[in-house]
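Right, one structure below, let's go through it.
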Amino acid sequence: MQNLSSRFVNTSKNKGSCLFRFRRTNPNEESAMVLYLLCRIDEVQENELKQFNLKGNEILVINRNGKFYCLQARCTHAGAPLAEGELENGVLKCPWHGSRFNIETGEVVRGPAKKQLRSYDGIVKDNNLFVEL
Ligand code: FES
């Protein structure tokens, strides 16, 4: 999980189900992002893979040595639940047919999957993990 706080400014709190609304500090980027609370960081132990559901999105949270990454939770090859996969040196291995994905980008490192995983941006704030949808 990238720490995006240097690129975003918190402009409001508690609007609907969105707890934080961030404005991009770089005027060349899109004007706003909305972050949603996904989980507390102590819900995902170090080197654990855990799936959460947020507004119809299945999101896999990976805690690798205290750094958090959020990816789509189903393999792009045949839909395996990636929370049942394995983490090997920063690479996520699918439990069904062994595709491997870069956890920082979601890119395919090794097939049979051809399409990369969606990667979610977000931040850790006050022991909570927020993601952009
Ligand atoms: S379902 Fe993941 S490699 Fe086939």
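Any read-out appearing in this document is the output of simple, stated calculations on the displayed coordinates, not a laboratory observation. Everything quoted here is computed from the prediction, not taken from an experiment. Neighbour counts run over all protein chains shown; Cβ positions are idealised from the backbone, glycine included.
Brief remarks on what is shown
- Cβ-based exposure ranking for Ser119, Ser99, in which fewest neighbours within 10 Å come first: Ser119, Ser99
- Viscosity 1.306 mPa s, temperature 10 °C, Stokes-Einstein D of region 38-132 from Kirkwood C-alpha radius, µm²/s: 122 µm²/s
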